[in-house]
Amino acid sequence: MSRAESSSAVLYHRVVVYLLFAILLLPLAGTLIYSIASSWSATVLPSGFTFKWYVQLWSDPRFLNAFGQSLIVCVGALVLSVVLILPLLFVVHYHFPKLDALMNILILLPFAVPPVVSSVGLLQLYGSGPLAMVGTPWILIGCYFTVALPFMYRAITNNLQAINLRDLMDAAQLLGASTFQAALLVVLPNLRKGLMVALLLSFSFLFGEFVFANILVGTRYETLQVYLNNMRNSSGHFTSALVISYFFFVLVLTWAANILNKDKSQ
Amino acid sequence: MSYVSVQHLQKSYAGTPVFSDINCEIHKGEFVTLLGPSGCGKSTLLRCIAGLTTVDAGQILLDGQDIVPLSPQKRGIGMVFQSYALFPNMTVEQNVAFGLRMQKVATEDSRQRVLEILRLVELHDFAARYPHQLSGGQCQRVALARSLVTRPRLLLLDEPLSALDARIRKHLREQIRQIQRELGLTTIFVTHDQEEALTMSDRIFLMNQGKIVQSGDAETLYTAPVDVFAAGFIGNYNLLDADSASKLLQRPVTGRIAIRPEAIELSRSGEPDALIRSHSLLGNVIRYRVEARGVELVVDVLNRSAADLHPDGTRLSLSIDSTALCEVA
């Protein structure tokens, strides 16, 4: 390929990439500007800029409550996932590798059933009787656990396959480590990256989840997305400030996780 | 008395036997190789000795003690894996110190022993590096150091050189043998590479289909194969049935005969009874495909000068040293 052809190809690739970024960022940029506009209706540009929507949002106790409750539900579901899925994955891959095929089918089930359908089923099951949990955060934590399952299982499985689990465990045991010590000192630190990816993916997804939260709990345990839905009739600037706050929070969290996840051996 | 004694060992997977009655004796300080093709059961036997695979029946005595009921942690055996199995989250020093950490050896003593062993494998300058910052050969030397630092009673090497390139493999096998001699460590080495087995071992156990078909030193295995498999696996023997052997040797032969290619001589003097069909240059050896008295043979000739290189279609005289003929089962 000649130099002229190569530079035109580079230019074409750049244009495609920048265009894609622009398309993805445009709605976000619009929302950001709208959230700091004092008013923006009959004019091309906003009439002025202000942070009053953010001040109003962050001083609303109902918002802070919803934000906190969203965090509790998401973190609760993810803690449950880590506690249950990590040992399960270890057992499947180390002791029963043939079960992996079955697990791959099982983890697709949360995606196979649409959230509205499974919500109706969950309402029937947990609406009354000894396991009446509808309207409490517990049902959301349990439900979010199943939603996080595919993200967690897939990301950690890929990580496990990359580290040659069997040989690492065998080597550690021959050097005197018990199965628990080998898992804790050798396997777990090498799963950090996969685990972090799984947690971030799941958290971003669950933090923005609306269908299950609205149908199973609604205003009885208001989460961020349910709050956003309930505030849809208030000022658009206010809800824009909410969306940008939510986006910024997830962005900072991802950035912080990346910093913490940086491998000192790299 | 043997230091390691494997007695009537049996192992099967889902009803399919890997080996059914393995017996072998290894002396203290010996370097023994389990040699055989893929799937012959040599790695499974090694894993059974390490305690990583359970056995169905039989005994493994190590220094007089039956180690079958013991867990891998309590056997005092070191092992080096083909995949190195270095812990990616730990530095070279931490990898090597891992066994001592499990044994709760005091920090200062542990550091001293790690440095000593890293010096032995010539990696003391790499102590702070992580496994991904090392070459394959260096990784395998770290793995060796890690298994030696705990002063194991027995060292097992499971195809440790298979993933390395030829030059490093050659250097490392000399280094492993030298360290083993220096420490006087009883070692079992598993490989499918006959050259590795012949150059490194005090004794070789040749395995096929879950059985030890022949054992002995390198010379015995190379010069006196007991059966067709041994003759085919070690060296490039010419295997002749009774009819072909009778035609070639011009005397009645009742059984199968194996002849080493380098034991056949080709010369310009004498009756030209061999026709060169093709040849290939292997460096220091020229390999000829020859037809003699209606029998096809492979002949290896040392490449000393241009006079040793005969063009295809040349007729030469062929002679075979009678001591190089092996009758095989």
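The values are calculated or read from the model by the stated rules, or taken from the named source; none is laboratory data. The model shown is predicted, which means the values in this text are computed figures rather than measured ones. Note that we place each Cβ from the backbone using ideal geometry, even for glycine, and neighbour counts take in every protein chain shown.
Give the number of residues within the stretch B:61-87 that are in a loop (DSSP other than H, G, I, E, B), aliphatic (A, V, I, L, M) and more than 7 Å from every other protein chain (Cβ to nearest Cβ).
Looking only at that region, the number is 4.
Which pairs do you get when a residue that is at positive phi, found in the stretch B:256-274, comes within reach of a residue that is modelled with pLDDT of 90 or more, reach meaning Cβ atoms under 7 angstrom, with the pair 6+ apart or on two chains?
Cβ pairs passing all conditions: B:G270/B:S317.
What is the residue count in the stretch B:209-236 for residues that are touching a residue at least 40 places away in the same chain (Cβ under 8 Å) and either of a type in the set (D, E) or over 25 Å from B:L46 (Cα atoms) (or both)?
Adding up the residues that qualify gives 5.
Have a look at A:M152, A:M103 and point out the one that is within 23 Å of the chain's Cα centre (by Cα), buried (at least 21 other Cβ atoms within 10 Å of the Cβ) and of a type outside the set (F, W, Y).
Criteria check complete, one pass: A:M152.
What do you reckon, is A:F212 buried (at least 22 other Cβ atoms within 10 Å of the Cβ), touching a Ser or Thr at 6+ places or on another chain (Cβ under 7 Å) and either among the hydrophobic types (A, V, I, L, M, F, W, C) or more than 14 Å from chain B (Cβ to nearest Cβ) (or both)?
Yes.
Just name the residue that is farthest from the other protein chains (Cβ to nearest Cβ) out of those in the stretch B:50-60 that are in contact (Cβ under 8 Å) with a residue 40 or more places away in the chain and either in contact with a Phe, Trp or Tyr (Cβ under 8 Å, 6 or more places away or on another chain) or not hydroxyl-bearing (S, T, Y) (or both).
B:A57
Would you check if there is a residue in the stretch B:34-52 being in a strand (DSSP E or B) and under 24 Å from the mean Cα position of the chain (by Cα)?
yes
Being in a strand (DSSP E or B) and either in contact with a His (Cβ under 9 Å, 6 or more places away or on another chain) or without any contact (Cβ under 8 Å) to a residue 24 or more places away in the chain (or both) is the filter here; which residues of the stretch B:189-208 pass it?
B:R203
Identify the single condition in (1) touching a strand residue (DSSP E or B) at 6+ places or on another chain (Cβ under 7 Å); (2) over 22 Å from B:D217 (Cβ atoms); (3) polar (S, T, N, Q) that B:N23 does not satisfy, given that it satisfies every other one.
That leaves (2) as the condition not met.
Is there a residue in the stretch A:21-33 that is aromatic (F, W, Y) and surrounded by 15 or more Cβ atoms within 10 Å (Cβ to Cβ)?
no
Determine whether A:L45 is surrounded by 10 or more Cβ atoms within 10 Å (Cβ to Cβ) and hydrophobic (A, V, I, L, M, F, W, C).
no
Which pairs have Cβ atoms under 7 Å, sit 6 or more apart or on different chains, and link a residue in the stretch A:120-149 that is closer than 20 Å to A:I72 by Cβ to one that is charged (D, E, K, R) and assigned to a helix (DSSP H, G or I)?
A:G135/A:R220
Tally the residues that are touching a residue at least 24 places away in the same chain (Cβ under 8 Å) and either at the interface with chain B (Cβ under 10 Å from one of its Cβ atoms) or closer than 30 Å to A:A213 by Cα (or both), restricting the search to the stretch A:166-187.
Residues that pass the stated criteria total 3.
Please tell me if B:M90 is outside any loop (DSSP other than H, G, I, E, B), of a type in the set (A, V, I, L, M), touching a residue at least 24 places away in the same chain (Cβ under 8 Å) and at the interface with chain A (Cβ under 9 Å from one of its Cβ atoms).
no
Just to verify a result, which residue in the stretch B:1-21, among those that are over 17 Å from B:N208 (Cβ atoms) and among the aromatic types (F, W, Y), is surrounded by the fewest Cβ atoms within 10 Å (Cβ to Cβ)?
Per the stated criteria, the residue is B:Y13.
Across the stretch A:4-20, what is the number of residues that are loosely packed, with under 10 Cβ neighbours inside 10 Å and of a type outside the set (A, V, I, L, M, F, W, C)?
1
If I ask for residues that are farther than 20 Å from A:S245 by Cα and either assigned to a loop (DSSP other than H, G, I, E, B) or at pLDDT below 90 (or both), which ones from the stretch A:10-45 would you list?
A:S41, A:A42, A:T43, A:V44, A:L45
Of the numbered conditions (1) within 25 Å of B:K74 (Cα to Cα); (2) within 14 Å of another protein chain (Cβ to nearest Cβ); (3) surrounded by fewer than 16 Cβ atoms within 10 Å (Cβ to Cβ), B:D109 fails exactly one; give the number of that condition.
Single failed check for B:D109: (2).
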